[in-house]
Amino acid sequence: MSLRDFMSELEQEAKELITIRKELSTKYEIAAVIKKFDNGNGPALLFKKIKQKNGFIVANICGTRKRICKALRTTIDKLHEKISNAIKNPKKPKLTEFPFSKLNKDLPNINNLPILTHYEKDPGPYITAGIVFAKDPKTGTQNASIHRILVIDKKHLAIRVVPRHLYRIITAYWKEKRDVPVAIAIGTHPAVLIAASSPAPYGVDELHVANTLLRGALKTAICPYTGLEVPAEAEIIIEGKILYGKEVDEGPFVDLTGTYDVVRKQPVIKIEKMYYNQDDFIYQVILPAGSEHKLLMGLPREAQIWATVKSIVPDVRGVHLTLGGCGWLHAVVSIKKQTDGDAKNVILAAFAAHPSLKHVVVVDEDINPYDMGEVEWAIATRFNASRDLVIIQNVRGSSLDPSADQITLLTTKMGIDATRPFTKPKEKFERAKIPLEEKIDINSLTEEDN
Ligand code: MN
C-alpha cells in the first residue's frame, strides 16, 4: 500500500484530489495555494509543475477526517478504536527487496527535491512530511517519528527533536560518543504517517502499527547503508547520520497554533545516500498549522482521550480535538451519561488523558461532536455556568499555548458540562425534528421525475 495507491483511490471520487497545473515556486507560492484550499474540508492537492525543480508535490493527503477514514477503511465513529487497537496489536510487515538499488549513483544533494519554504519568517526550506527511522542501540528496536527538518546545505539538515523516543535514542548514542544512523522516508501511505504520529509506547515499532492499520498490507525494505527498515513503497528514501554532539540553530518555525516557535539548538543530520526515481517522484508536504498537521497531531490524542473516557462512561459517541482549537487545545466529548456527575468526571478524564488540553466541552449523545454549530447550541441551551463550569488553576498546560506561562507551563483549564441536567424533564431539551428530514437527498431534488 503506497501513497500512489491511495491517490488513485482519491481520484475516483469527485473533488478529493485536485491537480494544479500552473507552474509555481517552492518559495511561499505553493504553501500559499495549499493554505487557500485549506478550509478544514479541502481537497488533497497534486502540483504538476514546480519552478526549477523536478518531481511532483502532493499536499493535504490526510487533510480531512473523511480521507483518513477512507485510507484506514473505517468510519468516523470507529476511527479512534481502530487506532487504539493497532497500537495494542502491532504486526510485523512483509520484508521485500530494497526498491532503489539501481538508482542514484550521484552524490546526494537535497536541493534536488522541491522542498517548500512556507511562512514569512522561516529560516529556509523545511521538510515537513519526513518520517525518521532510528534504532535503540541496546535493544535494536526501531522507532519511527515525524519531525520538521530544516535544509542547511545540500548534505546537511537540522532536525527538531522534542524529548520523546528519537531524543532517547540520540541520547543513548551520544553517551557513547557515536553518530546516530537514521533513515528518512518521504511520500508514504496515510497509515504510515498516522502510525508515526501515534503515542505507541517506546519499544513498539510504528511500522508494525502501520501494518496493522493496513490489515497486513504494508511492505518494508532494509536500507543498504544504515540497515534500517523503511516502507518499501516510499517515494523518497534518505540515509544518513545524526552527527555526535553537533547542534545548530533551528527555527523560528510555525507550530500547530499558527504562531512561531522559538529558535533552539538542535541536532544535525549528514546525508549519505538519497534514493528516488528522478524522472517520476512525488514529494509529500504537510503545511505547518494546516488541517492535515492538526489532524495528524490530534487524532492519536483523541484516541487516548476516547480510551480514558470510555473507562469511566461506557458509552462514548465521539471525541473531537477541534481545528479552531489547533487540533490540540480544545476538545469536545460526546457521551451518553448515566448520572448527573458523569460529565464532570469526563472533563477530568479528558485533561488527564491529554495534558496539553486547555478547554473541554462535554455534550450528550444527541449532539454531533464534529458539528461545532450543534456544540454551541448545546452550550446555549444546556449549560449553566454557575453549576456546570469547572475551572482548574495553576495546572500544567501546553508549551504551544502563548497565553500560558511558557516557562513554568502553568495555565488555567476550563471544562464546560453542556449535557442536559437530569433534574429537569427531558422534553425541555429535546431537539425538534421535522419528520422525513433525514430521508431527503438534496441532490435528487433538482433532477426531473421520469
Ligand atoms: Mn516511538
* Asked: Expressed as an acute angle from 0 to 90° and rounded to the nearest 10, what is the orientation of the C-alpha long axis of helix 342-353 relative to the principal long axis of the chain?
  -> 10
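Over region 49-164, give the accessible area per residue in Å² for a 1.4 Å probe, as an integer.
Details: 5550 Å² over 116 residues.
Ligands and nucleic acids excluded, the figure is 48 Å² per residue.
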* With axes computed from alpha carbons, what is the tilt in degrees of helix 372-382 against the longest principal axis of the chain, rounded to the nearest 10 within 0 to 90? -> 30
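In region 173-211, which chymotrypsin sites (Phe, Trp or Tyr not before Pro) are in a loop and have at most 13 other Cβ atoms within 10 Å, using DSSP for the loop call?
Working: sites: TYR173, TRP174, TYR202; in loops: TYR202.
Sparse-neighbourhood loop chymotrypsin sites (Phe, Trp or Tyr not before Pro): TYR202.
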* Residues of type aspartates and glutamates that LYS48 reaches as a straight line, Cα spacing below 16 Å, ignoring anything fewer than 8 places off in the same chain -> GLU11, GLU23, GLU29, GLU235, ASP279, ASP280
* **Percent RCO, i.e. relative contact order, over the chain, from Cα pairs under 8 Å lying at least 6 residues apart** => 14
* **Carbon + sulfur, % of accessible area of the chain - ligands and nucleic acids excluded, 1.4 Å** => 51
* Under a 5 Å amide H to amide H cut-off, with H placed in plane at 1.01 Å, what residues pair with ALA129 once short-range neighbours are removed? -> ILE286
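With an 8 Å cut-off on Cα pairs and a minimum separation of 6 or more residues, tell me the relative contact order of region 2-138 in percent. Numbers along the way, then the final one.
Numbers: 130 pairs, mean separation 31.8, N = 137.
It rounds to 23 percent for region 2-138.
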* Structure fact -> region 292-429 accessible area per residue, 1.4 Å probe, protein heavy atoms, integer Å², reads 44
* Options PHE253, TYR167, ALA200, ranked by Cα towards positive dipole end of region 130-264, top entry (Cβ charges) -> TYR167
* Cα Rg, Dmax, region 104-219, angstrom units -> 15.2, 43
* To do: Divide, for the chain, the radius of gyration over alpha carbons by 2.2 N^0.38 Å, where N is the residue count.
  => 1.03
* Across region 44-53, in residue order, what do the Karplus-derived ³J(HN,Hα) couplings come to in whole Hz, using 6.51 cos²θ - 1.76 cosθ + 1.60 with θ = phi - 60° and x for Gly and Pro? -> 6, 10, 10, 9, 9, 10, 10, 4, 6, 9
* Asked: Which GluC sites (Glu not before Pro) in region 410-450 pass both tests, a DSSP loop state and at most 10 other beta-carbon atoms within 10 Å?
  -> GLU430, GLU447, GLU448
* Which percent of Cα pairs goes in each bin when the distances of region 292-429 are cut into 10 angstrom slices starting at zero? -> 13, 45, 33, 8, 1
* Taking the Cβ-Cβ separation of THR96 and GLU11 as r and a Förster radius of 30 Å, what is the calculated FRET efficiency to the nearest 0.05? -> 0.75
* At 0.36 nm per residue, minus the direct Cα-Cα distance, what do ARG178 and GLU427 gain on full extension? Give it in nm, one decimal, please. => 82.8 nm
* Structure fact -> Measuring from the longest principal axis of the C-alpha atoms of the chain, the long axis of helix 165-175 (C-alpha) lies at a number of degrees, nearest 10, equal to 40
* List the lysines whose Cα lies under 20 Å from the Cα of LYS413, skipping any in the same chain that are fewer than 8 positions away. => LYS344, LYS358
* Using Cα pairs under 8 angstrom and six or more residues apart, how large is the relative contact order of region 292-429, in percent? -> 22
* Asked: Of the cross-linked pairs LYS92/LYS273; LYS22/LYS53; LYS138/LYS175, which ones have a Cα-Cα span greater than 18 Å in the structure shown?
  -> LYS92/LYS273
* Asked: What residues qualify as long-range amide H neighbours of THR220, i.e. H under 5 Å apart, gap of 5 or more or another chain, H built at 1.01 Å from N?
  -> LYS94, LEU95, THR96, ALA232
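Relative to the present Cα-Cα distance, how much length would full extension add between LYS138 and ASP279 at 0.36 nm per residue of separation?
Details: separation 141, 0.36 × 141 = 50.76 nm, distance 3.98 nm.
Between LYS138 and ASP279, full extension yields 46.8 nm more.
The values are calculated or read from the model by the stated rules, or taken from the named source; none is laboratory data. The structure displayed is predicted, hence computed values, not measured ones. Glycine also receives a Cβ, built like all others from the backbone with ideal geometry; neighbour counts cover every protein chain displayed. Areas reflect the complete protein model, heavy atoms only, side chains present, ligands, DNA and RNA absent. Shrake-Rupley method; radii C 1.70, N 1.55, O 1.52, S 1.80 Å.
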